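K.L.:
Quick one: this structure, given as structure tokens, is what I'll be asking you about.
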Amino acid sequence: MCRHLVYLGPPVTLRELLFDPPASLVRQSWAPQDMRRGGSINADGFGVGWYSSDGDDPVRYRRAQPIWSDPTIAQLAGVTRAGAILAAVRSATVGMPVLESAAAPFLEGRWLFSHNGAVRGWPDSMAPLAGALPVRDLLTLDAATDSALLWALVRHRLRAGVEPGRAVAETVVAVARAAPGSRLNLLLTDGHTAVASVAGHSLSIRRTPTSVLLASEPHDDDPDWQAVPEGQLVVATATEARTCALLAD
Ligand code: GLN
């Protein structure tokens, strides 16, 4: 069970988003509230990606250690302000390596990506889908993990010009067919649009007229948080959000 979030809206500091809320992502790393799917702490690494100004590619900071034990992120968070942020804390699935390169967000160009869940039957169940990727993509996976392969599958579609909502939905549906029982909560953003799938884990959304926050679990008791139902895909900008069934065409 990892925990992840994406924020789009008026610039905030990383500290305001990740540290200050009563059930912040940092707190969720050692005391997550929603433990339905097992796992107890998210201490196998973390990462944050942010867009420092409109039009620039994101900056990423990730480490293989618990977020609470890294003094640098605490300092950076106080002075780093952004209007688009994706962050994750990781609980490695059994058998997967604990490495910085296995921590989300995964990055290419404008894109940041995260996965909360696990692919059932890994790695053999992924043979047919992995086999359809260019060999170069397999040789350059960030890490030997299900999440890194999921990113390669999404990225392959993005590179081919597939629109981001469809790239995520198609990937979730294909993996769910190849590996039934997988948990596939994905997050993808280019700093303007955020896409999230709800497939096996919780996800909540909180909107204001100028911002959207999608998170594995609410980070405070604001009544505006809404749980997104299982099987849904959310596509949001700072000012608009739509939800549809993952399986809809
Ligand atoms: N399976 C992924 C990993 O090990 C994600 C784990 C999770 O969601 N807890 O990195």
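K.L.:
Normalise the Debye intensity by I(0) for the stretch 127-249, one equal point scatterer per Cα, no solvent, then take log10 at q = 0.11 Å⁻¹ and round to two decimals.
P.N.:
Normalising to I(0) and taking log10 leaves -0.39.
K.L.:
Using the alpha-carbon centroid of each, what span in Å lies between the stretch 37-89 and the stretch 214-235?
P.N.:
20
K.L.:
Follow-up question, since we're still on this one. Using each residue's phi in the stretch 43-60, evaluate 6.51 cos²θ - 1.76 cosθ + 1.60 at θ = phi - 60° and report the 3J(HN,Hα) Karplus result to the nearest Hz, with x for Gly and Pro.
P.N.:
10, 9, x, 7, x, 9, x, 8, 9, 6, 8, 4, x, 7, 5, x, 9, 10
K.L.:
Karplus couplings for the stretch 131-137 from phi (6.51 cos²θ - 1.76 cosθ + 1.60, θ = phi - 60°), rounded to Hz, Gly and Pro as x?
P.N.:
My calculation for the stretch 131-137 gives x, 8, 8, x, 3, 4, 5 Hz in order.
K.L.:
Another question, then. On each of the three principal axes of the Cα atoms of the chain, give max minus min coordinate, whole Å, ordered largest first.
P.N.:
Computed over the Cα atoms, the extents are 44, 36, 36 Å.
K.L.:
Can you tell me the convex hull volume per residue for the stretch 41-173, based on C-alpha atoms, in Å³ to the nearest whole number? Kindly include the intermediate steps, with their values, before the conclusion.
P.N.:
Values: hull volume 15.3 nm³, N = 133.
Cα-based convex hull of the stretch 41-173, divided per residue, equals 115 Å³.
K.L.:
Could I ask something else about it? Sum -39500 (n - 2.57) across every DSSP H segment of at least 4 residues in the chain, then divide by the residue count to get the 222 nm mean residue ellipticity, nearest 500.
P.N.:
-6000 deg cm²/dmol
All of the numbers you see were taken from the coordinates with simple rules; none came from a lab. Computed from a predicted structure; not experimentally measured.
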